[in-house]
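Down below is the structure, laid out as structure tokens.
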Amino acid sequence: MTYMKYTPYIYLIFAGYFIYDGIAKWGDPQATPILSLLIAGLAVFMFFFRRKFAKKMADRNNKS
């Protein structure tokens, strides 16, 4: 399962996209840039959460 150590970086790609989307929508009064920026913040949080969780599982497997 070596792909599991690369999957958290997908969240960073999504965060980058939603940050770009939020900045692009910032000047439009009809758009909702705050929602895009909140999703980007959630994606960054998920990146760090998944990375920490994967490290914890790897440490648990090494103890066995």
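The values are calculated or read from the model by the stated rules, or taken from the named source; none is laboratory data. Just so it is clear, the model here is predicted, and its values are computed rather than measured. Note that we place each Cβ from the backbone using ideal geometry, even for glycine, and neighbour counts take in every protein chain shown.
Computed values, structure above
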item	result
Candidate set from segment 13-64 (those that are polar (S, T, N, Q) and part of a helix (DSSP H, G or I)); member that is nearest to TYR3 (Cα to Cα)	ASN61
Residues being surrounded by 13 or more Cβ atoms within 10 Å (Cβ to Cβ) and more than 9 Å from the chain's Cα centre (by Cα) - total across segment 8-22	5
ALA54 surrounded by 12 or more Cβ atoms within 10 Å (Cβ to Cβ), modelled with pLDDT under 95 and of a type in the set (A, V, I, L, M)	yes
Residues of segment 1-19 that turn out to be within 20 Å of ILE39 (Cα to Cα) and free of Cβ contacts under 8 Å to residues at least 40 places away in the same chain, as a count	11
